[in-house]
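Only one structure is covered here, and it is reproduced in the block below.
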Amino acid sequence: MDIRALKRTLTEDEGTRLTVYTDTEGCLTVGRGHRVLPEDGLGVGDRIALWTCLQFLHDDIAIALTDCRVLFDHFEALPETAQQVLANMAFNLGKGRLAKFVKLRSAVARQDWTQAAAEMRNSKWATQVKGRAERLAIRMESLAHA
């Protein structure tokens, strides 16, 4: 998997905010979509250094990839585009939350990319992250025509 490409896409999707803020779900967030944990010791308005932002990104990508490897048999054997899309979703949703996408997981297991894209679109997540969900669904759907 091309980790650099994933970092670029996540940076585009998440942006970079070095000041802790409350996101649309009411969670403290900072950096490139890092959900602040109690052990981070941060509160609203606190600032972090860029190197802290990059460390959070590195750690959060590792968590997302672990989730993907647990949820999808032979994750590394999936097409690169599918890996990128699933890792992006896992990152955005947060640890363990991609597991709730049972129909998506089933479609990926069958390599039914059109159905996988439909399951992405037919979710509460898609209504929350609108443009991002559609971009990712289009990328997943493109595998059906490859």
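Checked against the criterion of being over 28 Å from Gln83 (Cβ atoms) and open to solvent by 40 Å² or more (accessible area, probe 1.4 Å), the candidates Leu28, Leu37, Leu50 yield just one match: Leu28.
The residue that is farthest from Arg132 (Cα to Cα), counting only those in the stretch 15-55 that are charged (D, E, K, R) and modelled with pLDDT of 95 or more, is Glu39. Annotation: of all residues in the stretch 55-76 being open to solvent by 80 Å² or more (accessible area, probe 1.4 Å) and not basic (Lys, Arg), the one that is farthest from Phe101 (Cα to Cα) is Gln55. Filtering the stretch 108-146 to residues that are among the small types (Gly, Ala, Ser) and more than 20 Å from Asn92 (Cα to Cα) leaves Ala109, Ser142, Ala144, Ala146. Within the stretch 79-124, being of a type in the set (Gly, Ala, Ser) and more than 13 Å from Glu141 (Cα to Cα) holds for Ala87, Ala90, Gly94, Gly96, Ala99, Ser106, Ala109, Ser123. Each residue in the stretch 15-68 was checked for being farther than 24 Å from Met1 by Cβ, under 19 Å from the mean Cα position of the chain (by Cα) and of a type outside the set (Ser, Thr, Tyr), and 9 of them qualify. Candidates are the residues of the stretch 85-140 that are of a type in the set (Val, Ile, Thr) and buried (at least 21 other Cβ atoms within 10 Å of the Cβ); the one that is nearest to Thr24 (Cα to Cα) is Val85.
The values are calculated or read from the model by the stated rules, or taken from the named source; none is laboratory data. Everything numeric here is computed off the predicted structure, so don't read it as measured data. Note that we place each Cβ from the backbone using ideal geometry, even for glycine, and neighbour counts take in every protein chain shown. The area values use the complete protein model at the heavy-atom level, side chains included, leaving out ligands, DNA and RNA. Shrake-Rupley method; radii C 1.70, N 1.55, O 1.52, S 1.80 Å.
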